[in-house]
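The values are calculated or read from the model by the stated rules, or taken from the named source; none is laboratory data. This structure is a prediction, so every number in the text was calculated from the model and none was measured. Because the Cβ atoms are built from the backbone with ideal geometry, glycine has one as well, and the counts that use them run over all protein chains shown. Remember, those area values only see protein heavy atoms, side chains included, never the ligands or the DNA or RNA. Shrake-Rupley method; radii C 1.70, N 1.55, O 1.52, S 1.80 Å.
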Amino acid sequence: MKARIVTLPGDGVGPEVTQAAVDVLQAVARHYEHDFDFDQHAIGGAAIDASGEPLPATSLAACQLADAVLLGAVGGPKWSDPNASVRPEQGLLALRAALGVYANLRPLQVHPALAPLSPLKNERLKDVDVLFVRELTGGAYFGAKTRTADTATDECKYTVVEIERVVRRAFALARDRRRHLTSVDKANVLETSRLWRNTVQRVAVDYPDVKVEHQLVDSMAMLLLTQPSRYDVVVTENLFGDILTDEAAALAGSLGLLPSASLGDGRRGLYEPIHGSAPDIAGKGVANPLGAMLSAAMLLRHSLQLDAEAQAVEAAVSHVLQHGPRTRDLGGQAGTLAVRDAVLVALEDHARTHHAFFSGARACG
Ligand code: NAD
Ligand code: IPM
Ligand code: MN
């Protein structure tokens with residue numbers, strides 16, 4: 001198939017991990033005979049430096065015409081002055097809003113070979129398979145902001161429409177998994193959370209086959225560590241989802257492993273690892289590229305409907321987690337490029353054994 005993919009490498013380790021993910025997508029195109037066109041654009045601090053804007057109009061226009069967008073990370077110390085008038089993160093938020101990608105899927109699985117890296121007792125990590133569905137275009141991130149010399153406010157606002165669409169998406173996803181949905185809120189304190197909970201209760205009637213539970217976010221932060229295997233799909237508002245998923249990444253062994261897919265009503269999606277620009281290791285060639293590669297797998301699955309190809313990338317990543325090499329965050333010594341090369345070899349092996357049309361096999365019948 002033909003597909004137009006816009007890449008937004010961004011800042012810090014963003015370009016390093018995005019390049020590795022693009023290399024994987026190019027290998028997929030070769031092995032499975034697809035025609036992927038890559039178009040790179042500026043976002044974040046790099047875009048501010050080049051044009052003064054964190055999301056230049058040309059970058060946004062390209063994303064709106066693409067089949068999918070693959071993003072690295074934005075931000076860093078250079079642009080983090082609290083008094084700065086423009087910030088890299090504004091570019092990412094504007095992009096999410098403009099693309100209408102309100103549902104951010106963040107899957108968490110724990111590879112058995114990595115369990116020793118988790119701070120938890122290993123038996124607690126058995127069978128951990130959680131899909132977080134984070135609301136991505138509402139809440140405190142997008143409410144009105146005020147600031148005077150001695151006061152600041154961030155409005156947290158949600159409409160029923162905003163809640164209902166992401167909650168329905170979460171129910172639908174739960175239906176295709178273990179039919180268990182946990183809605184996380186702070187309904188004992190926040191009015192937005194009470195509207196959230198009412199909406200979940202009302203929508204639940206349409207999904208009688210899905211078991212629903214409500215959990216307050218503070219105790220959820222604890223339960224995620226004590227009973228992670230209890231959860232299937234977890235749906236929550238923007239800010240809670242941001243925090244809980246970085247916490248969840250510790251279970252997997254590294255923040256560098258978790259991918260995400262941000263989806264709206266159409267097929268176009270925005271794909272990015274959940275980690276940031278990692279300023280402490282940027283430019284050293286040691287960033288873990290696996291979260292970005294797994295985000296590319298989600299791109300294949302959700303925007304291009306190439307499920308076998310997505311599984312091939314996931315299998316190749318899993319093979320490398322099992323056999324190495326590993327980057328430093330996973331206790332190894334390998335650099336980004338060595339891990340990428342190992343994934344490319346595993347991907348080629350996978351394609352050769354699982355794909356009938358691989359490298360000329362078609363001619364043999
Ligand atoms: P971070 O995710 O950048 O880094 C947190 C820690 O995890 C660091 O020690 C880092 O080295 C490590 N880490 C992250 N990704 C890694 C990888 N791929 N391989 C190995 N180690 C990795 O979070 P932070 O330090 O709080 O934020 C830094 C900047 O990134 C901020 O400007 C923040 O706004 C931005 N940020 C951007 C995104 C995004 O673009 N989606 C996400 C989160 C943070
Ligand atoms: C993420 C990041 C972003 C967020 C920042 C950079 C705006 O932390 O993608 O998780 O908070 O959504
Ligand atoms: Mn985050």
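Can you tell me which residues in the range 169-198 are closer than 20 Å to L105 by Cα and of a type in the set (V, I, T)?
Hits for the range 169-198 are T182, V184.
Step by step: first the residues of the range 4-33, then only those that are over 23 Å from H275 (Cβ atoms) and touching a strand residue (DSSP E or B) at 6+ places or on another chain (Cβ under 7 Å), then the one that is nearest to ligand 1 (Cβ to nearest atom). Which residue is that?
Filtering the range 4-33 for residues that are over 23 Å from H275 (Cβ atoms) and touching a strand residue (DSSP E or B) at 6+ places or on another chain (Cβ under 7 Å), the one nearest to ligand 1 (Cβ to nearest atom) comes out as R4.
Has the range 252-266 got any residue that is within 14 Å of ligand 1 (Cβ to nearest atom), open to solvent by 20 Å² or more (accessible area, probe 1.4 Å) and within 23 Å of S118 (Cβ to Cβ)? Break it down into steps so the answer makes sense when it comes.
The first filter runs over the range 252-266 and keeps only residues within 14 Å of ligand 1 (Cβ to nearest atom), leaving 252-262.
Then keep just the ones that are open to solvent by 20 Å² or more (accessible area, probe 1.4 Å); that gives 255.
Retained after the next criterion (residues that are within 23 Å of S118 (Cβ to Cβ)): 255.
Checking the range 252-266: at least one residue is within 14 Å of ligand 1 (Cβ to nearest atom), open to solvent by 20 Å² or more (accessible area, probe 1.4 Å) and within 23 Å of S118 (Cβ to Cβ).
So, G138, is that one in contact with a helix residue (DSSP H, G or I) (Cβ under 6 Å, 6 or more places away or on another chain) and either of a type in the set (D, E) or open to solvent by less than 30 Å² (accessible area, probe 1.4 Å) (or both) or not?
Details: in contact with a helix residue (DSSP H, G or I) (Cβ under 6 Å, 6 or more places away or on another chain): yes; either of a type in the set (D, E) or open to solvent by less than 30 Å² (accessible area, probe 1.4 Å) (or both): yes.
Yes; evaluated as a whole, the condition is true for this residue.
For the subset of the range 4-19 comprising residues that are assigned to a strand (DSSP E or B) and not polar (S, T, N, Q), which member is nearest to ligand 3 (Cβ to nearest atom)? Give the steps one after another, and end with the answer.
Step one: of the range 4-19, the residues assigned to a strand (DSSP E or B) are 4-10.
Checking which are not polar (S, T, N, Q) leaves us with 4-6, 8-10.
Details: R4: 27, I5: 23, V6: 21, L8: 16, P9: 18, G10: 14 Å.
The selected residue is G10.
Output the strands (runs of 3 or more DSSP E) that fall wholly within the range 31-137 and possess 3 or more residues being closer than 30 Å to L225 by Cβ and of a type in the set (D, E, K, R), or say none.
129-135
Could you please let me know if D209 is in the same structural domain as T336 (by TED's automatic domain parsing), open to solvent by 20 Å² or more (accessible area, probe 1.4 Å) and farther than 21 Å from G14 by Cβ?
Numbers: in the same structural domain as T336 (by TED's automatic domain parsing): no; open to solvent by 20 Å² or more (accessible area, probe 1.4 Å): yes; farther than 21 Å from G14 by Cβ: yes.
In short, no.
If you check V101, V86, which single one turns out to be within 16 Å of ligand 2 (Cβ to nearest atom), aliphatic (A, V, I, L, M) and under 21 Å from V22 (Cβ atoms)? Break it down into steps so the answer makes sense when it comes.
Working: V86 fails: under 21 Å from V22 (Cβ atoms).
Going through V101, V86 in turn, the sole match is V101.
Would you confirm whether or not the range 215-233 contains a residue that is within 14 Å of ligand 3 (Cβ to nearest atom), open to solvent by 10 Å² or more (accessible area, probe 1.4 Å), assigned by TED's automatic domain parsing to the domain that holds D127 and more than 15 Å from D129 (Cβ to Cβ)? Can you show your working first?
Within the range 215-233, the first condition is being within 14 Å of ligand 3 (Cβ to nearest atom), and the residues that meet it are none.
Looking through the range 215-233, none of the residues is within 14 Å of ligand 3 (Cβ to nearest atom), open to solvent by 10 Å² or more (accessible area, probe 1.4 Å), assigned by TED's automatic domain parsing to the domain that holds D127 and more than 15 Å from D129 (Cβ to Cβ).
Identify, by number, the condition in (1) farther than 29 Å from D265 by Cβ; (2) touching a residue at least 60 places away in the same chain (Cβ under 8 Å); (3) open to solvent by 10 Å² or more (accessible area, probe 1.4 Å) that V13 doesn't meet.
Here V13 clears every test but (3).
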